[in-house]
Amino acid sequence: MDKKFDFTAISDACIKCGKCIPGCTIHLVNPDEVTSPRGFIDLLGAYKRGELELDKEAKDIFESCFLCTHCTDVCPNSLPTDMVIEEVRADIAQKFGIAWFKRVFFTLLRHRWLMDLMMKLGWVFKTCGFKEEPSKGGMRARFNLPLIKADRLLPSLSKTSFLNKYPQEIKSGGKKRVAIFIGCLANYNYTSIGDSLVEVLKALDIDIFIPKKQKCCAAPAYFTGDFYTVETLAKQNIEYFESFIDEVDAILIPEATCSAMIKHDWEVFFTNRKMFDWAKRAKKLNEKIFMVTQWLYSETNLKEVLEKKGVKFDEIVTYHDACHAKKVQGIEKEPRELLKSVFTIKEMSDPNRCCGFGGVTMQTEKFELAKAAGAPKAAMIQESGARIVSAECSACRMQISNALYQNNVDVEFKNPIELIAKALREKQ
């Protein structure tokens, strides 16, 4: 492990109380002490002391963590288990390399123009892989292509990305001026999230700035151990954000994972690399960076606007607490309060349980674990009786939508901003 870190101290600080185990996502689907937070910490301490070889078995163990941060949320000693696993994954990447398809993906993330081109081609040939509904024929059948859709539900691609759809400046009244950091899934796949956010901000007479040079937040690379990509993207984004941060009231992010990466992990990443100037710059930006519902609830009269409109929908909504929203940022009240103005909210039995997305490796090489983690969440949603499940995270949307599909649960997933925009356009 990198000589800059002394994770032996973290290992020694674990008192083995076991509070982290009952809610640990991997332990729930693979109840083995080795794949539990205190198991991970023990192994990391042994690795640091030179008592454990970083072989393929250790690699498999360390890559089985979902990084849901449940352990850090409940640990009485506040041990950063997720951070040390992220760090050891960088060592894994250095020793074993990164799978070719991940390297291609991270290259696309570093070059927006190339990602735009690939996604445009992906839309043209979307019947080969990205579909919202099952297909019995089409191009896949004609050319005998693999039935990816038979095993999982993948998000559809939009013809035009969010960033390419709108002008850079949208004037709406000038009460405030905000920038939008959209996130990759919302930019290319779930573009109705950005459409809805623009609609809501216009209704509140808020001017919108869409930073066209924004890059991926680097979360997929961070969770995989590709720290070159993390450093590249974080630095480029920080420099770009600094060029306009004084001209906006806030940078709004409709994605829990992107928000947590930018507001928390960038600073941690640079601090751990002893790049203290970059860590300081990342921290300073945080003063104006918010998840969307957090800012709309605290800084606007949106709740009052919704209540005055007097619209109440019949659909019951259940809310899923994305790990990077509640556990990392403490955001759970704000989206619920806004949604309560127009929907009936019925809580599922455990809204805080991780959906099981787990990052690129979990969604590819360890997808069976993701499926196992998603099934209980689908059951909870079904038992709630809700027709809509909502969360401010497109990674959760991708995972939960597939879990619902796999388990034949007829429930629709919507970002809270999409539901709020629907209420605002509804006639009384």
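The values are calculated or read from the model by the stated rules, or taken from the named source; none is laboratory data. As the structure is a computational prediction, the values presented were derived from the model and not from experiment. Virtual Cβ from ideal backbone geometry, glycine too; neighbours counted across all protein chains shown.
List of remarks:
- Some residue of the stretch 77-92 being surrounded by 21 or more Cβ atoms within 10 Å (Cβ to Cβ) and of a type in the set (K, R): yes
- Taken as a whole, the structure places K333 among residues that are assigned by TED's automatic domain parsing to the domain that holds R397, within 25 Å of A219 (Cα to Cα), at pLDDT 95 or above and surrounded by fewer than 17 Cβ atoms within 10 Å (Cβ to Cβ).
- Among the residues making up the stretch 372-382, those that are in contact with an Asp or Glu (Cβ under 9 Å, 6 or more places away or on another chain) and either at pLDDT below 95 or closer than 13 Å to N402 by Cα (or both) are P376, K377.
- Residue tally, condition crowded, with 18+ Cβ neighbours inside 10 Å, part of a helix (DSSP H, G or I), in contact with a helix residue (DSSP H, G or I) (Cβ under 8 Å, 6 or more places away or on another chain) and among the hydroxyl-bearing types (S, T, Y), over the stretch 350-397: 2
- Summed over the stretch 78-93, residues that are in contact (Cβ under 8 Å) with a residue 12 or more places away in the chain and not in a helix (DSSP H, G or I) total 2.
- In the stretch 398-428, residue farthest from L154 (Cα to Cα) [restricted to those that are of a type in the set (D, E, K, R) and in a helix (DSSP H, G or I)]: R425
- Of all residue pairs spaced 6 or more apart or on separate chains, none has beta-carbon atoms under 8 Å together with a first member in the stretch 364-383 that is assigned by TED's automatic domain parsing to the domain that holds F66 and closer than 13 Å to I26 by Cα and a second member that is of a type in the set (D, E, K, R) and part of a loop (DSSP other than H, G, I, E, B).
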